[in-house]
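Report on one structure; see the data block that follows.
Taken together, the values in this text are just the output of simple stated rules run on the coordinates, not laboratory data. The structure displayed is predicted, hence computed values, not measured ones. Cβ sites come from the backbone with ideal geometry, for glycine too, and all protein chains shown count toward neighbours.
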Amino acid sequence: MSIKKLSLYFFIITLLASVITACNSPLFGLGGKVDVAVPGIKIETVDEGSGARALQNGDYVRGTITLSGTSTDDIAVDRVTLQFQEGSSTVTIPATVSGSIWKATINTTQYSDGPKDFIVTVTDSAGKSTETRFVIYFDNKAPVVMFTLIVSTADYSNTPLWNEITIKGSAADQFSIRKVRVYIYRKSDSALVYTSPDDASIGTNSFSVTLDPAEYGNLGNLAPEDAYFAVKAWDRSGNENTWFYMSSLITALDPRGLTVEDIMALENGTQSEVNSINLNKLAGTRRYAPGLGFPDTQMVYYTCDQSANLPIITVSNPEQGKTAGENTISKNAKASGVVQDANGVALVELQFRVETSPGVYVESAW
Ligand SMILES: [Ca+2]
Ligand SMILES: [Ca+2]
């Protein structure tokens, strides 16, 4: 064997040895598969305790939430973590990973309300990572609602209420209001007689409803009747107010009154006093819907009395040209008249009485 041939063999052996050594290098995964791809991560749903729904970027959430999504990798996902800023510190929440699904549960009440920029990071078994970001708002504060007006539209009185009534008010939230509903209950049995539409058609930040007696249960139609009024507002994350305010009770504390935003500032503690009213004074004016265990003094009710809204009947003299005092009536006499009512007339019935002999009367049927 020549020297040249020997050196060639040596070179081949060296190359084979280096290939065998390379099999133990980190470039090769178990079973010989190479981890070449970065892992994938998706955020998909949020569950606030009533079932998972698709998470939209910029969603509003409250209470304890479970965020969930999928993670993928060519070899194996090692971990998924979520992070957001709380003031100047970073909150890190590890997700549980099961197959391709990851889940993380967060009690949002432990953090401040506001927008949270989430970074979700997935790391694979080779240490490669990918992140995705989204924003959700934590909102655990209920909206503030105030009635500014409950009056009879015709005369702007609120005792008694009759005919068309106008109900106005305003609502506020540190983020935004989703809907407002006005309720009217009969006081005698707390039966709900009116609920405003559930489609925000009555407005949100300021609301206004005008109702005919038929729309509020014909309350006070036969005899004066009391009615409770209540109002509820929902914010975007679903918080509801448990009490509401009356502007008239607040102006009784200070004639300058408060806007619904002032009330919110006092309730949320961003202001301690507005127009000489602090939270303690304000809390004394809170009012509640019936059925929550509060006494009448902490509810809002007015008397409804439709007697100011009776039909107006005008009957003409049946014997034209003669006064009623003449006490005579011809064979062809006709009684006619006019009935007027602001809300329309449902039925007109007539009865007459004839004196057949002195002191003896015969009445017609109705
Ligand atoms: Ca990988
Ligand atoms: Ca809120």
So who's got an amide H within less than 5 Å of the one on Tyr194, skipping anything under 5 residues away but keeping other chains? H placed 1.01 Å off N, in plane. Ile184
FRET E, pair Thr166, Val135, Förster distance 35 Å, beta-carbon r, rounded to 0.05: 0.30
Rounded to the nearest 0.05, what FRET efficiency do Ser248 and Val36 have when you use their Cβ-Cβ distance and R0 = 56 Å? 0.20
Express in nm, to one decimal, how much length is gained between Ser157 and Thr270 on full extension, taking 0.36 nm for each residue of separation and deducting their alpha carbon distance. 37.1 nm
Using the Cα gyration tensor of region 25-168, with a ≥ b ≥ c the square roots of its eigenvalues, what is the shape: rounded (a/c below 1.5), prolate (a/b larger than b/c) or oblate (neither)? prolate
Once amide hydrogens are built 1.01 Å from N within the peptide plane, the residues lying 5 or more places from Asp35 or on another chain with amide H under 5 Å from its amide H are Gly29
Among 231-241, 68-78, how do they line up from the highest to the lowest mean number of other beta-carbon atoms within 10 Å? 231-241, 68-78
Mean Cα-pair separation over length for region 144-307, i.e. relative contact order, pairs under 8 Å, 6 or more apart, %: 29
Residues with amide H under 5 Å of Glu86's amide H, sequence separation 5 or more or different chain, H placed in the peptide plane at 1.01 Å from N; which? Val91
A correct Karplus calculation of ³J(HN,Hα) over region 160-170, with 6.51 cos²θ - 1.76 cosθ + 1.60, θ = phi - 60°, whole Hz and x for Gly and Pro, returns x, 8, 8, 6, 6, 10, 10, 10, 9, x, 9
Taking a ≥ b ≥ c as the square roots of the Cα gyration tensor eigenvalues, with a/c under 1.5 meaning rounded and otherwise prolate when a/b beats b/c, else oblate, which class fits region 144-307? prolate
For the Lys281, Ser98 Cβ pair and Förster radius 51 Å, calculated FRET efficiency rounded to 0.05 is 0.45
Taking a ≥ b ≥ c as the square roots of the Cα gyration tensor eigenvalues, with a/c under 1.5 meaning rounded and otherwise prolate when a/b beats b/c, else oblate, which class fits region 212-253? oblate
